[in-house]
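The values are calculated or read from the model by the stated rules, or taken from the named source; none is laboratory data. Just so we're clear, the structure is a prediction, and the values are computed from it rather than from any experiment. So basically every Cβ, Gly included, is an ideal-geometry build from the backbone, and we count neighbours across all protein chains shown. Areas reflect the complete protein model, heavy atoms only, side chains present, ligands, DNA and RNA absent. Shrake-Rupley method; radii C 1.70, N 1.55, O 1.52, S 1.80 Å.
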Amino acid sequence: MYIPAEDRYDKMTYRRCGRCGILLPFISLGLWHSFGCKTPFEVQQSLLRTAVDCGITHFDLANNYGPPYGEAETNFGLHMDRDWRPHRDELVISTKAGYDMWKGPYGDHGSRKYLIASLDSSLRRMHLDYVDIFYHHRPDPDTPLEETMGALDAIVRSGKALYVGISNYYDPETARKAIRILKDLGTPLLIHQPKYSMFNRSVENGLGDVLKEEGVGAIAFSPLANGLLTAKYLKGIPEDSRAAKDPRYLKPEDVTAEKVEKARKLNEIALRRGQSLAQMALQWVLRDGVVTSALIGVSKPEQITENAKALDAPALTAEELREIDEILG
Ligand SMILES: NC(=O)c1ccc[n+]([C@@H]2O[C@H](COP(=O)([O-])OP(=O)(O)OC[C@H]3O[C@@H](n4cnc5c(N)ncnc54)[C@H](OP(=O)(O)O)[C@@H]3O)[C@@H](O)[C@H]2O)c1
């Protein structure tokens, strides 16, 4: 059984999630990559142990993380048994349903049937009685929002999730409608999970304002743009990088000369500030109080320790933010 570092909570900054009772670490760890069948169990274990030792208390999963689908949850269940069962009350564990998971008409989208059945399967795979947060993973234009939000409310009332979230709801008015439906049902929405980084400013379309007004937290996924907002691609595509190893979501052709040039200029600002580009990219996402936590992926433990120090540098100044905007164009 692993004994986590005693001073782990002193090392981390925790931020309130919207107007709810939950505090999240400013960095959370996602298990989308590095927890499927291609990553040795010992590597996964060292990633989770390093994260906990840095004070990271939040792990984010989804039914279809792998490969194959379900494998990240299955592996996480084994890690729970090996290391984390005695620490369950110190962890915030989330999962999601909303993308394709099983064959036939009931294993995708936003029906009450799919969401409730999927969470039951996720809990079995993870060897958990409940998750802390259950998300609807993406909007479903063909299912009434009332049905999907009603399913989230029913899940909380069943005790299988403590809080609920929505993800990829980029239209501000659809997000507001979901928030209002849940509020009326008596299950306030805890959190929204959008994609947000210097290379993808989705939240700035009015969604961030809605979340602030409604007192809902936000956790930004892919804040490093799959690794493009780090120094790793400045001299080509390294063999051990996501673009070279796992081109499902970041293809070598996505590492464009334009993005690399922007990363090179951003890296100069970061070095001037005495931090790495990854650290500055995380600090940028967290700069204005909309985003509660930056949800990172990692392939190596040292990436976690580096990223967990992202707030050690002074806050970005107005002048630096302007310079960054100019580079991003
Ligand atoms: N809700 C949704 O629809 C959705 C969609 C996607 C992701 N997510 C969530 O967001 C999480 C993070 O997504 P992501 O993996 O795309 O996030 P990301 O943080 O943008 O990218 C992670 C990659 O960046 C590289 N990296 C991280 N720290 C680094 C450092 N200090 N130096 C150099 N490289 C570094 C690593 O690449 P290498 O592998 O090349 O080392 C790592 O695999 C997922 O695990 C998942 O929980 C949610």
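Assorted remarks:
- Over the stretch 118-158, the ratio between the Cα radius of gyration and 2.2 N^0.38 Å evaluates to 1.26.
- Convex hull per residue volume in Å³, alpha carbons only, for the stretch 148-229: 87 Å³
- Note on the chain: helix-only mean residue ellipticity at 222 nm, from DSSP H runs of 4+ residues weighted -39500 (n - 2.57) and normalised by residue number, equals -11000 deg cm²/dmol.
- Cα radius of gyration and Dmax for the chain (Å): 19.1, 54
- Gaussian network model of the chain, springs between alpha carbon atoms under 10 Å - residue of TYR249, TYR169, TYR99 with greatest fluctuation: TYR249
- For LYS38 and ARG180, the FRET efficiency from 1/(1 + (r/R0)^6), where r spans their Cβ atoms and R0 equals 51 Å, is about 0.75.
- GNM result for the chain, Cα springs below 10 Å: residue of SER118, SER241, SER293 fluctuating most strongly: SER241
- Rolling a 1.4 angstrom probe over the protein heavy atoms with all chains in place gives the chain an accessible area of 43 Å² per residue.
- Fully extending the segment from GLU90 to GLN45 would add 14.5 nm, taking 0.36 nm per residue of separation and subtracting the current Cα-Cα distance.
- Dipole magnitude (debye, nearest 20) for the stretch 158-240, charges at Cβ of Lys, Arg, Asp, Glu: 100 debye
- For the stretch 210-225 versus the stretch 48-125, the spacing of their alpha-carbon centroids is 21 Å.
- Qualifying trypsin sites (Lys or Arg not before Pro) in the stretch 137-241, where qualification requires a DSSP coil assignment and no more than 16 other C-beta atoms within 10 Å, comprise ARG201, LYS235.
- Proportion of all alpha-carbon pairs of the stretch 196-250 beyond 13 Å (%): 66 percent
- Electrostatic bookkeeping for PRO194 treats Lys and Arg as +1 and Asp and Glu as -1; over the other residues with beta carbon under 12 Å from its beta carbon, the sum is +1.
- Residue among TYR9, PRO25, PHE41 farthest towards the positive dipole end of the stretch 1-41, charges placed on Cβ: PRO25
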